[in-house]
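Here's the structure, in structure tokens; my notes come after.
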Amino acid sequence: MDVDAYLARLDLALPVAADLAALRVLQARHLERVPFENLSVHLGEPIELTEDALFDKIVRRRRGGFCYELNGLFAALLRELGFDATLRGAQLFHADGTPGPPLNHAAIVVELDEPWLVDVGFGSFSRAPLRLSAVAPQDDADGQFLILDAPHGDIDVLCDGKPVYRLERRPRQLADFVPMAWWHSTSPSSHFTQNLTCSRPTSQGRVTLSGDRLIETVDGGRHEVLLPSESAVRMAYRVYFGLSLARLPLHPGEHPLTAPAPDPTMNRT
């Protein structure tokens, strides 16, 4: 890995030590500079879960990605910087409070004096590392997080009282997530094939671009603007996320500017 190039992508200097202070800065800057996005799904680009492919996409081409991509490459950077960082699988909770399938999400655990949960690939989540051994709630800019014991030695992560995901304790390799990454990027039932998103936190909240809808949250207030043209959408990708796209992603129903006309022979629900 070209560590200097990755740190330049984050506009950071080489950390003096692999400690908690450096980890906090790295996580916050990664969230700020590398957007959570699923544009590849709607651009017809394959999701390649290898460090070389992810480095090319995120660092050289200055794109973002979703959980397996962002946390997969960030874990590799942390290891290059001297951190004891491993990927962990997680089950996202459904709205009814039941956990979903295994390996539905990838997160990072960093071992310092104690284990810390790091996640730069969830969209809206903790902006700082979370103590996995903490028994008290942990306050963060994006909510109050609570770590609880779960069955079979797993760990439940809650935000503002609601379960977010169930974290495995066993380490995982990046390749372990290939089948679920394929499902997320191809299945008609996947949230990622049904929704188009590009999002990152800001100092005052969050900014999200979904098709031609620009959504900004500022100090708890939500503001939505419908962008009037393809050029306005391109400009928003460039200004808010630093993305210069050769073509816009297609998403029927959410991106009327470029989406193909519905096929009347298809049964859509």
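What follows draws every value from the coordinates through simple rules; no lab data is involved. Since we're looking at a predicted model, the values are computed, not measured. Heads up, the Cβs are rebuilt from the backbone with ideal geometry, glycines too, and the neighbour counts pull from every protein chain shown.
Using Cα pairs under 8 angstrom and six or more residues apart, how large is the relative contact order of the chain, in percent? Walk me through the numbers on the way to the answer.
Details: 493 pairs, mean separation 43.8, N = 269.
About 16 percent, as a whole number.
Figure the gain on full extension for Arg131 and Glu80 (residue separation times 0.36 nm, minus the Cα-Cα span) and round it to one decimal in nm.
Details: separation 51, 0.36 × 51 = 18.36 nm, distance 2.21 nm.
Stretched out fully, the Arg131 to Glu80 stretch lengthens by 16.2 nm.
If we restrict to alpha carbons, what Rg and Dmax does the chain come to, in Å?
In Å, with Rg to one decimal and Dmax whole: 18.4, 61.
Quick one: Karplus J couplings for segment 163-176, per residue in order, coefficients 6.51, -1.76, 1.60, θ = phi - 60°, nearest Hz, x for Gly and Pro?
x, 9, 8, 9, 9, 6, 8, 6, x, 10, 8, 4, 5, 4
Per residue, how big is the convex hull around the C-alpha atoms of segment 73-142? Give it to me in cubic angstrom, could you? Working shown, then result.
Numbers: hull volume 7.7 nm³, N = 70.
Each residue corresponds to 110 Å³ of Cα convex hull volume.
Over 10 Å intervals from 0, what percent of Cα-Cα pairs in segment 1-135 sits in each interval?
Pairs per bin, as whole percents: 12, 44, 34, 9, 1.
Given the peptides 73-84, 114-125, 1-12, arrange them by the average over their residues of other C-beta atoms within 10 Å, most packed first. Don't skip to the end; give the middle numbers.
Values: 73-84: 19.6, 114-125: 21.8, 1-12: 14.5.
The densest-packed peptide leads the list: 114-125, 73-84, 1-12.
For Val225 and Val25 in the same chain, what is the full-extension length gain: residue separation times 0.36 nm, less their Cα-Cα distance, in nm? Walk me through the numbers before you get to the answer.
Working: separation 200, 0.36 × 200 = 72.00 nm, distance 3.16 nm.
Once the chain is fully extended between Val225 and Val25, it gains 68.8 nm.
Would you list the membrane-span-like helices of the chain, meaning whole DSSP H runs whose alpha-carbon atoms span at least 15 Å along their axis and whose mean Kyte-Doolittle value is at least -1.0? Please list the in-between numbers first.
Working: long enough: 20-33 (19 Å, 0.08); 67-80 (19 Å, 0.53); 230-241 (16 Å, 0.07).
Passing helices, by number: 20-33, 67-80, 230-241.
Run the helix sum for the chain: -39,500 (n - 2.57) per DSSP H stretch of 4+ residues, divided by residue count, reported at 222 nm to the nearest 500 deg cm²/dmol. If you can, show how the numbers build up before the last one.
Numbers: 8 runs with 71 residues, N = 269.
That calculation yields -7500 deg cm²/dmol at 222 nm.
Place the peptides 56-66, 90-100 in order of packing, highest mean first, counting for every residue the other Cβ atoms within 10 Å and averaging per peptide. Don't skip to the answer; put the middle values down first.
Details: 56-66: 18.7, 90-100: 14.0.
Descending packing order for the listed peptides: 56-66, 90-100.
Given a cut-off of 17 Å, what percent of all Cα-Cα pairs of segment 158-228 lie beyond it?
Details: 1658 of 2485 pairs.
Tail of the P(r) past 17 Å holds 67 percent of the pairs.
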